[in-house]
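*Asks:* I am attaching a structure below and will ask some questions about it afterwards.
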């Protein structure tokens, strides 16, 4: 039975509307939260985990959400705590950076948050300017479960060479993004 | 953000290691130190990590590979599963729904419609890595090579100097230059000369569709076979060359030993092979319906084949070799090699006593430092990387300047190796490699990159820049030589350029007999910097410089080409 989108027998009155509202808000902040977690953790797997934990906390605390306030900012605040919790669970040797450093990274400026969409749009444009081979390399590296090592092995290239190639592509993309957002970047 | 600025070389590499999951704790500590050192470094780091995050989120395609992204694509999600344990799940975008699944399941809602920043569909379209054919050969050396075709971007030897694996069935289309391929365990070697189209069949044979090649095959690898549209050439332990013309006609010439040559026939037909001995050559006509294929003798030596490429390494071509040649030149008057263990040695003028010192631009350092031990073009040299601030690069940074005045001779040449890091500020960027300036008008902007890296010159502050077609590619090394002949209130300028990173073995004339208004000013010599209208330090070079040589003569093209050859080495032809 296709009952997608409709209330079910066990739903309380108003519950489906609440879920619909939550889902809509959640959909608008997923990328923002993931990018924020990546900013602090630098690992897609860790950021993924933080995103999921954050989503659960957001649902549990959704009653505290003030309609009209910025949902993404609230979500990032919760994500920050989830990042710290994840770091605490890791052995000290696996924590690459100091707490002070993470604190420094955790302070996005309003301007940098506003720039996210501009940089994302520029990235789409810039990806289109890559050669087919470079795009293929990026796609292989960033596909789910992709890693630099697995890409190197599948292409028969050295890990070092693959890392160099990816670094070169990232630098080219950064330069392209910079050119395309230059008017909007802070001086 | 300065994506490729040299001051971020180390920062960039460490950040890349972090994003690749390859960073060590010691490297992480170093990275933390670098990032916290300046706001520019922090901005660079965050932009790099953000790019990495965006690509991770989008599955690498960012939407451009298929359809443009819409921020609010509608994804319908059927919810029926119990909660998935959150710990250590595989990171796939579809899993991002898992938490929502749990939420909905907990509230007994079986389904919902979610407006979602859709990326799931795109990720599904990323093709799985194809089955990979075996590696049967390696690309081991190229000279001035430009590749075309689907594998072109994977044939850059500068990214993997130890050799590039070539797989069975791989097509190579060499549009320019020379390329050496080692088959199997390295026994048989083929030198491909552009334009050529060649397919690696397996470890013992290849198909030359067009162009020419020379094969060197030791006795133990006898049987190595080159196919062409018209012929099959089987080696018997020798050195031979094959050329395929547009008509499909093939020529085979044997230098050492012998081969057998047979015309290509239809299925089931086995034409008798012809033996071709050393010093002999044959032509095999293109196959034609109803016409018997023929193998006819022709005069040997009528066609030039490249028989060997120079051995790699500093003994045949290197910056160190250039340095030796330059040092012996009788017209050399100043020579900055940037070699040595101390700053005093690195900034020493090896010929004229015009030693250099670090100077800070008129608006300050911009938070950076000059790198006196930057990586040079090859292992035989080190370079100096001036620092260019960002933003406001034209007036912030650190460069070098001579401690005494430089008096430009009536005729002189400035030769150097340069690496332009790019210009994040784009138009309006003035990045000066070598210069003098006396006042607002009298100047000698001898080697300059403006805007996005265009090579220009200027002798009068109020005159227009000279023009050239050369725009330096960020991050790549160039050999540049500019000659200046002073006339009556004007200077005639010529500039020659070769991209070393891409192995360009022939100099390009970038500026030809352009007459610039003004004559070179006498002043302290700026290296990696210029001077503004008030003769304050300005316009720092973005990138690295090496082997700056000044001669009191206009060197001819032959001499300059020899200097380039000293760096890259030269191939030898069949008259060897």
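*Asks:* Can you tell me the length gained on complete extension of the stretch residue B:488 to residue B:403, counting 0.36 nm per residue apart and subtracting the Cα distance?
*Replies:* Extending this stretch completely gives an extra 27.7 nm.
*Asks:* Stretch residue B:343-residue B:30 to full length: gain in nm at 0.36 nm per residue minus the Cα-Cα span?
*Replies:* Roughly 110.3 nm would be gained on extension.
*Asks:* Using label points projected 7 Å from each Cα along Cα→Cβ, tell me how many nm separate residue B:467 and residue B:451, to one decimal.
*Replies:* Roughly 1.0 nm, to one decimal.
*Asks:* Ok, one more. Give the calculated FRET efficiency between residue B:512 and residue A:125 to the nearest 0.05, with a Förster radius of 56 Å applied to their Cβ-Cβ distance.
*Replies:* Result of the calculation: an efficiency of 0.90.
*Asks:* Exposure proxy check: A:87, B:437, B:37, B:154 ranked by fewest other beta carbons within 10 Å?
*Replies:* Listed from fewest to most nearby Cβ atoms, that is B:37, A:87, B:154, B:437.
*Asks:* Next question. Rounded to the nearest 0.05, what FRET efficiency do residue A:60 and residue A:90 have when you use their Cβ-Cβ distance and R0 = 25 Å?
*Replies:* Given R0 = 25 Å and the Cβ-Cβ separation, E is 0.55.
*Asks:* Next question, about the same structure. How high is the FRET efficiency between residue A:73 and residue B:234 when r is their beta carbon distance and R₀ equals 56 Å, given to the nearest 0.05?
*Replies:* 0.15
*Asks:* If you don't mind, another one. How big is D, in µm² s⁻¹, for segment A:14-106 by Stokes-Einstein at 25 °C and 0.890 mPa s if Rh is the Kirkwood radius over C-alpha pairs?
*Replies:* 178 µm²/s
*Asks:* Neighbour counts of other C-beta atoms within 10 Å: give me B:508, A:107, B:490 arranged from fewest to most.
*Replies:* Going from least to most buried by this count: A:107, B:508, B:490.
*Asks:* What average number of partner chain Cβ atoms lie no more than 10 Å from the Cβ of the residues making up B:381-388?
*Replies:* For peptide B:381-388, the averaged partner shielding equals 0.
*Asks:* Still on this structure, I have one more. Modelling each spin label as a point 7 Å along the Cα-to-Cβ direction, I'd like the residue B:499/residue A:117 distance in nm, to one decimal.
*Replies:* It works out to 3.8 nm between the two label points.
*Asks:* Can you compute the label reach from residue A:104? Point 7 Å from Cα along the Cβ direction, backbone N cut-off under 13 Å, restricted to segment B:13-39.
*Replies:* The answer is B:29-39.
*Asks:* For labels at residue B:148 and residue B:296 in the simple 7 Å Cα→Cβ model, what's the distance in nm?
*Replies:* Inter-label distance under the simple model: 3.1 nm.
*Asks:* Pull out the extension gain between residue B:562 and residue B:325, defined as 0.36 nm times the separation in residues minus the alpha carbon to alpha carbon distance; nm, one decimal.
*Replies:* Here the segment from residue B:562 to residue B:325 would lengthen by 84.4 nm.
*Asks:* Quick one: what does P(r) look like for segment B:324-460 with 5 Å bins over all Cα pairs, in whole %?
*Replies:* Here the calculated profile for segment B:324-460 is 2, 9, 17, 22, 23, 16, 8, 2, 0.
*Asks:* Using Cβ counts within 10 Å as a stand-in for footprinting exposure, how do B:423, B:201 rank, fewest first?
*Replies:* Ranking B:423, B:201 by Cβ neighbours within 10 Å, fewest first, gives B:201, B:423.
*Asks:* Quick check: Cα centre of segment A:134-170 to Cα centre of segment B:148-206, how many Å?
*Replies:* Rounded to whole Å, the Cα centres lie 21 Å apart.
*Asks:* Using Cα-Cα distances under 8 Å and only pairs 6 or more residues apart, what relative contact order does segment B:323-476 have, in percent?
*Replies:* 14 percent
FYI, it's all coordinate maths here, none of it is from the lab. Predicted model, so just to flag it, every value in this text is computed and none were measured. FYI the Cβ positions are ideal-geometry reconstructions off the backbone, even for glycines, and counts take in every protein chain you see.
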